[in-house]
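Below you'll find the structure, written out as structure tokens, and then a few comments.
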Amino acid sequence: MDIESENKGVNPDTRIPMTFSIVTGFLYILSGLLQLSAGIGKIVMGPDTYIPLTGPLFVPADIIGAFVLLLIGTVFIYGVMEMRSGIYEGVSYAYVGILIALIFAGIYILVSTGNMLEAYLLKNEEFLGWTPLSDLRPGIYLAILPLIAFIKWKDMFDPVPKDGQ
């Protein structure tokens, strides 16, 4: 679907959103695959299985969380494919990827805040020894790039009025 614009026939430069989408998409996909392998490894080989890089990168054995990371990465990469084809609307996939990444990072932060309240305010025994690093996930620290992009490109999210209204 083509969107009519004032500059018909002039394609805006998509190099920066495309580079951002490539880097962010691959980071999310690699983290998702690592998290998926950790989850499957725990199921197949037992709970004591150690998958390399999962400890230093704070990657939990969470299969559903892995699918979320893979979904976000796929949205970014699909936008890259659209932009490489010369379709400017591929930038919208970068915007949607940014929003999804920020939404899930917000959810993870809310869950972590709830766990913090359980540990320190309610003194729940199940959360004894809980620290903020206990709930640090790739969905939180990978969202730093989309957050920076959102802050930098937030004006680009505003809808353009038709006929200059």
(request) Please work out if residue 51 is at pLDDT below 90 and in a loop (DSSP other than H, G, I, E, B). (result) yes
(request) Being closer than 18 Å to residue 104 by Cβ and either of a type in the set (Val, Ile, Thr) or in contact with a Pro (Cβ under 8 Å, 6 or more places away or on another chain) (or both) is the filter here, so list the residues in segment 40-64 that pass it. (result) 57, 58, 59, 63, 64
(message) Every residue in segment 119-153 that is polar (S, T, N, Q) and assigned to a helix (DSSP H, G or I), please.
(response) 134
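Return yes when residue 58 is outside any helix (DSSP H, G or I) and either closer than 22 Å to residue 145 by Cα or in contact with a Ser or Thr (Cβ under 8 Å, 6 or more places away or on another chain) (or both) and no when it is not.
Details: outside any helix (DSSP H, G or I): yes; either closer than 22 Å to residue 145 by Cα or in contact with a Ser or Thr (Cβ under 8 Å, 6 or more places away or on another chain) (or both): yes.
The answer is yes for residue 58.
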(request) Enumerate the pairs (first residue in segment 7-36 and under 20 Å from residue 50 (Cα atoms) and in a helix (DSSP H, G or I); second residue anywhere and aromatic (Phe, Trp, Tyr) and modelled with pLDDT of 90 or more) with beta-carbon separation below 8 Å, excluding pairs fewer than 6 apart on the same chain, so at least 6 apart or on different chains. (result) 32/67; 36/67
(message) With part of a helix (DSSP H, G or I), touching a Phe, Trp or Tyr at 6+ places or on another chain (Cβ under 8 Å), over 17 Å from residue 29 (Cβ atoms) and at pLDDT below 85 as the only criterion, which of 156, 116 stands out?
(response) 156
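Table: residues versus (1) touching a helix residue (DSSP H, G or I) at 6+ places or on another chain (Cβ under 6 Å); (2) modelled with pLDDT under 90; (3) not hydroxyl-bearing (Ser, Thr, Tyr).
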{"site": "88", "(1), (2), (3)": "no, yes, no"}
{"site": "97", "(1), (2), (3)": "yes, no, yes"}
{"site": "100", "(1), (2), (3)": "yes, no, yes"}
{"site": "105", "(1), (2), (3)": "yes, no, yes"}
{"site": "109", "(1), (2), (3)": "no, no, yes"}
{"site": "127", "(1), (2), (3)": "yes, yes, yes"}
{"site": "135", "(1), (2), (3)": "yes, yes, yes"}
{"site": "139", "(1), (2), (3)": "yes, no, yes"}
(request) Would you check if there is a residue in segment 118-138 being in contact with a Gly (Cβ under 8 Å, 6 or more places away or on another chain) and under 30 Å from residue 13 (Cα atoms)? (result) no
(request) For segment 66-73, state whether one or more residues are in a helix (DSSP H, G or I) and farther than 20 Å from residue 23 by Cβ. (result) yes
(request) Kindly provide the set of residues from segment 101-158 that are under 21 Å from residue 60 (Cα atoms), more than 22 Å from the chain's Cα centre (by Cα) and surrounded by 13 or more Cβ atoms within 10 Å (Cβ to Cβ), ordered by number. (result) 116, 118, 119, 127, 130
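The values are calculated or read from the model by the stated rules, or taken from the named source; none is laboratory data. What you are looking at is a predicted structure, and each value in this text was computed from that prediction instead of being measured. Using ideal geometry, Cβ is built from the backbone for each residue, glycine included, and neighbour counts are taken over all protein chains shown.
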